Structure formats: structure tokens, C-alpha cells
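Each remark here refers to the structure printed beneath this line.
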Amino acid sequence: MLQDGRLNMDTASRCDVALRVVREDPNTIVVLSVDYFIQSLREVTIAYLQNSGLAPERIMTPAEAHDTFGETASALKILRDRGVNEVTVVSSWYHLLRICVIWRYLGFNGKIVPKASFETMNVFGCLAWEIGGFYKFASKILNEKYRHNPGT
């Protein structure tokens, strides 16, 4: 998120981890997963990555999405179109498990390499947010299952 027009510690830390991954492999692209509706955050994140030396052509931005599930689905489409079968998922430590579960749920059968950033401003707030995210994800799956298979 933004803090005084700049990336906060959490977001900057995730970007720094992504930049380390990119520097290890010159063929790596960054698929930026930022809430589509927070345009200023998207722009500041892209500027942060570019100011850190990442070429603009190595930054992909998925189609419109406003939650983790939608962002992951959009990123997966970009990667499938490119024939990618290995991803390095970079996120905060408290968010990483849910993202990896969503990748698998959406049918990505390739290699997932989780990379976590450990900076956080509010551990308890982040964990509460993540519990809510897991609940939302589980509800979405259960609603789909029972809508298509009533009575099961």
C-alpha cells in the first residue's frame, strides 16, 4: 500500500525480494499483482521496480482484478500464454500459503517456488486479514461446488 505517496514497508519489501529473484535469472519477468482499482499503488510500484533497474518490458500487469483470486487467475493467464511452467511467488510471509493454494486450485501444475518477505508493520492485523482471505476463498470454492453439485 501507499504511505505518503510512497510504498509502505510491506510492499517495498516484496518488491525488493522480487528484484533479487529477477537479478538471479535474466529471463524472469515480474507479473505485478496489485489491486487493479488502486491505480496510484500500481503506478508507484512500477516506478519503484523501474527505478531499481528493472526494464519496463520485464513487468507485466494482469487484467482487471481486485482480489488475490482474480489477480492470480489473471497472472496465470499471462504465464500460460507464454508457456511458463515454473513460477516464483513473492509475497509477505503471512499471505504466501493462500496464494500457493490458489495457484494449485486454478490448475497450475508447474513448479511453485515461494519467496517471502518478512517485513510487516502489524503482525496481528496481517494475520486477521489473511484468516479472512482464507475464509473468503473457502466460501468461494464451497459455493461453486454446491451450486454445480446440489445435495452433495
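Translational diffusion coefficient of the range 44-107 at 25 °C, 0.890 mPa s, Stokes-Einstein with Kirkwood Rh over Cα pairs, in µm²/s as a whole number.
Values: Rh = 13.0 Å.
Rounded, D is 189 µm²/s.
Going by how many other beta carbons lie within 10 Å of each one, how would you line up 103, 93, fewest first? Could you put the intermediate results ahead of the total?
Numbers: 103 21, 93 16.
Lowest to highest Cβ neighbour count: 93, 103.
How far apart, in nanometres, would the label points at residue 21 and residue 60 be if each is projected 7 angstrom from Cα along the Cα-to-Cβ direction?
1.3
In Å and from the alpha-carbon atoms only, list the Rg and Dmax of the range 2-121.
13.4, 40
We did not get these values from a lab; they are worked out from the coordinates using the rules stated. Bear in mind the structure is a predicted one, so any value in this text is a computation, not a measurement. All Cβ positions, even for glycine, are placed from backbone atoms using ideal geometry, and neighbour counts span all protein chains on display.
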